[in-house]
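Peer 1: Just passing along the structure, written as structure tokens.
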């Protein structure tokens, strides 16, 4: 039976370190799903720091779309999985969907959000069929002021609802503040 853990928190809250520590405690074969697309030097540097911080024996999968399609392979080859992170996955799905998000109609935005939710539902349902210890990292983006620009508001809405959906499927949920995890589910 799977065990799904969502770890959320603000930027630089320590959520990735906490999530990695949960996986290290499992002391087994771990897969790391990286959802980022390192498109500039700053992002490449972030990726490098993340790579250096985790155990060398962890196998990395770089994927942000149709992650559910590799869950069976993960279950066959690993015991523990960490996916870091949902916010980058949502970002990449938004910008590779084929519409200008900030110019989109309400109908197009609804279709895009349904597409993102379907990606998450398929992933969560696939995980539920496994024996994996699956840790998912996400940012909590909706705790500040409402963003001034439309694109940022759309993104915050999509990520917030994605986090809610993942939390619904999760067995445990942690909120990390200043490196301190608090169990909320």
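No value in this document is a laboratory result; all are computed from the given coordinates. What you are looking at is a predicted structure, and each value in this text was computed from that prediction instead of being measured. For neighbour counting, all protein chains shown are included, and Cβ atoms are generated from backbone atoms with ideal geometry for every residue, glycine included.
Peer 1: In nm, to one decimal, how far is the residue 59 label point from the residue 12 one, both placed 7 Å along Cα→Cβ?
Peer 2: 3.5
Peer 1: Compute the angle between helix 15-26 and the longest alpha-carbon principal axis of the chain, please, reported from 0 to 90 degrees and rounded to the nearest 10.
Peer 2: Around 30 degrees separate the two axes.
Peer 1: Tell me, in nm to one decimal, what length is gained between residue 131 and residue 1 on full extension, where the rule is 0.36 nm per residue of separation less the Cα-Cα distance?
Peer 2: 46.4 nm
Peer 1: Helix 106-128 versus the longest principal axis of the chain: what is the Cα-based angle in degrees, 0 to 90, to the nearest 10?
Peer 2: Helix 106-128 and the main axis of the chain meet at about 10 degrees.
Peer 1: Roughly what would the spin-label model give for residue 183 and residue 77, points 7 Å off Cα along C-beta, in nm?
Peer 2: Between residue 183 and residue 77, the label points sit 3.2 nm apart.
Peer 1: Working out 0.36 nm times the residue gap between residue 121 and residue 66, then minus their Cα-Cα distance, what length gain in nm do you get to one decimal?
Peer 2: 18.7 nm
Peer 1: Work out, step by step, the length gained on full extension between residue 107 and residue 48: first 0.36 nm times the residue separation, then minus their alpha carbon distance; give nm to one decimal.
Peer 2: Residue separation times 0.36 nm, minus the Cα-Cα distance, leaves 17.4 nm.
Peer 1: Can you tell me what share of the DSSP beta bridges in the chain is antiparallel? A percent to the nearest 5 is fine.
Peer 2: The antiparallel fraction comes to roughly 15 percent.
Peer 1: Specify the angular offset, from 0 to 90 degrees and rounded to the nearest 10, of the alpha carbon long axis of helix 41-53 from the longest principal axis of the alpha carbons in the chain.
Peer 2: Between helix and principal axis, roughly 20 degrees.
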